[in-house]
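Chemist: Could you have a look at this structure, given as structure tokens, before my questions?
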Amino acid sequence: MPIPPWPHRVRPLALMLLMAATLGGLAAAGQAPVEVSVTAQPGFRFEPERIEVPAGTEVKLTLENAAVMGHNLNIPALDVATPIITGDETSTVRFTVDEAGTYAFRCDVAGHAEAGMVGELRVR
Ligand SMILES: [Cu+2]
């Protein structure tokens, strides 16, 4: 015995609810993090100096040290920082920024930010 079709007014709404539930479920299951990497270059600079990530999405930020001396990457306003790493090491931090804006980052080793080891994280 065939199942009677839903009234016309109900079906689009049911479909929308089903889609919303599916999308919500996917979001809850966890989107892949956005991966960005920054390299500490010889000459006291970060490459790139500006990085951009979406708001509300987990960010996996990797600092690679291509210089000889130790460096780190600190985003003070977000309370996010890698440890100081030496040449050829990498360090990865994960974080999520909910508020769009521009957040300065810097190297914490004495004198490095002043020498130019600064940059900007833009969250959109
Ligand atoms: Cu440094």
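Values quoted throughout were computed directly from the atomic coordinates according to the rules given, and no laboratory measurement underlies them. Predicted model only: the values in this text are computed from it and were never measured. Positions of Cβ are backbone-derived with ideal geometry, glycine not excepted, and every protein chain shown enters the neighbour counts.
Chemist: I need the GluC sites (Glu not before Pro) found in region 31-124, filtered to DSSP loop residues with at most 12 other beta carbons within 10 Å of theirs.
Modeler: Taking region 31-124 and a limit of 12 other Cβ atoms within 10 Å, the loop GluC sites (Glu not before Pro) found are GLU99.
Chemist: Over all directions, what mean area does the Cα convex hull of region 34-123 project, stated in square nanometres?
Modeler: With every direction weighted equally, the projected area is 4.8 nm².
Chemist: Any idea what the dipole of region 34-123 comes to, in debye rounded to 20, about its Cα centre with Lys/Arg Cβ at +1 and Asp/Glu Cβ at -1?
Modeler: 80
Chemist: Given H placed 1.01 Å from N in the peptide plane, which residues other than close sequence neighbours of THR57 have an amide H under 5 Å from its amide H?
Modeler: For THR57, whose amide H was placed from the backbone, the distant partners under 5 Å are VAL97.
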